[in-house]
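The values are calculated or read from the model by the stated rules, or taken from the named source; none is laboratory data. Every value quoted in this text rests on a predicted model; they were computed, and no experiment measured them. Cβ placement follows ideal geometry from the backbone for every residue including glycine, while neighbour counts extend to all protein chains displayed.
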Ligand SMILES: *[C@@H]1O[C@H](CO)[C@@H](O)[C@H](O)[C@H]1NC(C)=O
């Protein structure tokens with residue numbers, strides 16, 4: 001009896017709030033004064049937002065409890081922001097939204113959330129630009145890390161790098177929710193428990209730095225959600241299988257060294273290098289004839305290793321796993337305290353279009369696709385080869401269309417014969433406007449024209465893929 005009483009007292013002390021004063025936000029508040037040092041416990045009540053929209057450095061020294069919505073953005077165009085949780089005893093609990101978005105900056109930000117503990121059952125976005133070396137995103141408390149909601153590690157523009165960590169190296173974290181990785185690199189350096197999802201999105205790499213000592217429980221599912229997603233698995237094989245979904249269309253499952261052989265038994269993919277074999281659960285529906293060992297192209301910040309990848313040229317046999325929450329882009333910060341608190345951005349996945357062309361005469365194939373806001377639309381063009389055995393890989397093209405006014409972007413891509421050409425169209429959501437990018441290639445043999453037309457903020461963009469090809473001379 002005495003023992004039981006004692007344990008109750010102990011647990012009360014553990015959950016008690018720190019002794020610092022409280023800064024309670026109980027009505028919609030926009031703070032535009034510049035840098036902040038928050039030395040009180042920050043509490044944002046349910047149904048209200050607190051938006052800090054100016055400044056370069058924002059530090060939290062005590063507890064951070066968000067039941068409503070916290071936005072930290074910068075309406076001024078400056079170099080990257082620093083937004084840190086620094087208190088050794090800081091407990092972070094989020095049941096609402098935490099949106100750190102440095103999308104206006106000219107260089108990448110640093111968001112380092114240390115403190116004592118981190119618990120998320122809501123949604124968290126860490127967003128910055130990725131084309132200046134990469135953003136630093138870290139949520140690494142000394143103690144508990146539990147995610148049952150969604151955490152997005154999101155980079156705008158193209159990826160030049162990025163350093164994202166959840167949990168301290170070699171310590172245990174629990175993921176029962178979803179972690180979204182977008183145009184970014186995630187360094188998996190903790191032991192991961194629970195039954196959650198890792199959505200490895202566009203131009204993103206999940207780097208499992210040591211699956212033997214930093215293992216993931218079998219409940220964790222790594223979902224390669226685009227054709228430009230990859231996972232790099234570093235030594236040595238763990239004693240338990242690794243679960244991966246979304247493998248197909250030549251996205252990469254790879255190691256840090258050459259793969260000697262592989263085998264598929266209808267559910268598991270066994271990959272061998274030297275005397276080590278990794279067991280990967282990929283599920284049924286794959287055709288072993290379409291699997292091959294190839295270059296592991298992990299992208300900027302991770303590198304390319306020859307023969308370290310295993311690729312599947314067929315389509316992904318399964319849809320988005322139900323275990324994975326949607327991965328919406330960061331929501332826009334409110335600009336007026338009278339604005340109702342923002343509602344979640346709609347997220348819808350777009351279809352994949354596959355065009356198989358023939359290699360006779362000159363033909364034009366036009367495919368018209370209507371997209372929904374958010375997500376990506378993938379167009380895969382199967383490029384013919386003049387001989388049966390010829391097989392070359394073609395480049396991947398990414399088009400990010402804008403979401404204001406009427407814009408038509410045309411991208412011309414040059415193909416080599418054989419293989420597939422993948423065109424990924426990033427369909428804008430309301431919050432990712434004004435980020436147009438188009439890539440231009442020179443044509444030699446086959447011409448693929450992708451036209452994305454957007455006619456306003458309320459209508460959906462239309463994608464027209466025109467494939468024109470001329471028989472080689
Ligand atoms: C970028 O700047 C605009 C205009 O000042 C502002 O409305 C918007 O909220 C800013 N976005 C971010 C992510 O800071």
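Regarding residue 286, is this residue assigned to a loop (DSSP other than H, G, I, E, B), in contact with a strand residue (DSSP E or B) (Cβ under 9 Å, 6 or more places away or on another chain), at pLDDT 95 or above and not assigned by TED's automatic domain parsing to the domain that holds residue 148? Yes; evaluated as a whole, the condition is true for this residue. Yes or no: residue 253 over 27 Å from residue 155 (Cβ atoms), buried (at least 18 other Cβ atoms within 10 Å of the Cβ) and touching a strand residue (DSSP E or B) at 6+ places or on another chain (Cβ under 7 Å)? No, not satisfied. Tell me whether the stretch 85-106 contains one or more residues that are farther than 28 Å from residue 39 by Cα and either in the same structural domain as residue 22 (by TED's automatic domain parsing) or surrounded by fewer than 21 Cβ atoms within 10 Å (Cβ to Cβ) (or both). There is at least one residue in the stretch 85-106 that is farther than 28 Å from residue 39 by Cα and either in the same structural domain as residue 22 (by TED's automatic domain parsing) or surrounded by fewer than 21 Cβ atoms within 10 Å (Cβ to Cβ) (or both). A single entry from 161, 128 fulfils the requirement of being part of a loop (DSSP other than H, G, I, E, B) and either within 16 Å of the ligand (Cβ to nearest atom) or more than 20 Å from residue 71 (Cβ to Cβ) (or both): 161. Of all residues in the stretch 295-312, those being assigned to a strand (DSSP E or B) and in contact (Cβ under 8 Å) with a residue 24 or more places away in the chain number 10. When the stretch 300-324 is filtered for residues that are buried (at least 20 other Cβ atoms within 10 Å of the Cβ) and out of contact with any helix residue (DSSP H, G or I) (no Cβ under 8 Å at 6 or more places or on another chain), the ones remaining, listed by number, are 302, 308, 309, 310, 311, 316, 324.
You will find that of 42, 70, 37, the residue that is surrounded by fewer than 15 Cβ atoms within 10 Å (Cβ to Cβ) and in the same structural domain as residue 116 (by TED's automatic domain parsing) is 37 and no other.
Among the residues of the stretch 216-223, are any touching a residue at least 60 places away in the same chain (Cβ under 8 Å), assigned to a loop (DSSP other than H, G, I, E, B) and within 18 Å of the chain's Cα centre (by Cα)? The answer is no, given that none of the residues of the stretch 216-223 is touching a residue at least 60 places away in the same chain (Cβ under 8 Å), assigned to a loop (DSSP other than H, G, I, E, B) and within 18 Å of the chain's Cα centre (by Cα).
The set of residues in the stretch 230-255 that are in a loop (DSSP other than H, G, I, E, B) and closer than 22 Å to residue 201 by Cβ comprises 234, 246, 247, 248, 249, 250, 251. Among the residues of the stretch 183-208, those identified as under 27 Å from residue 132 (Cβ atoms) and in a strand (DSSP E or B) are 185, 186, 187, 188, 198, 199, 200, 204, 205, 206, 207, 208.
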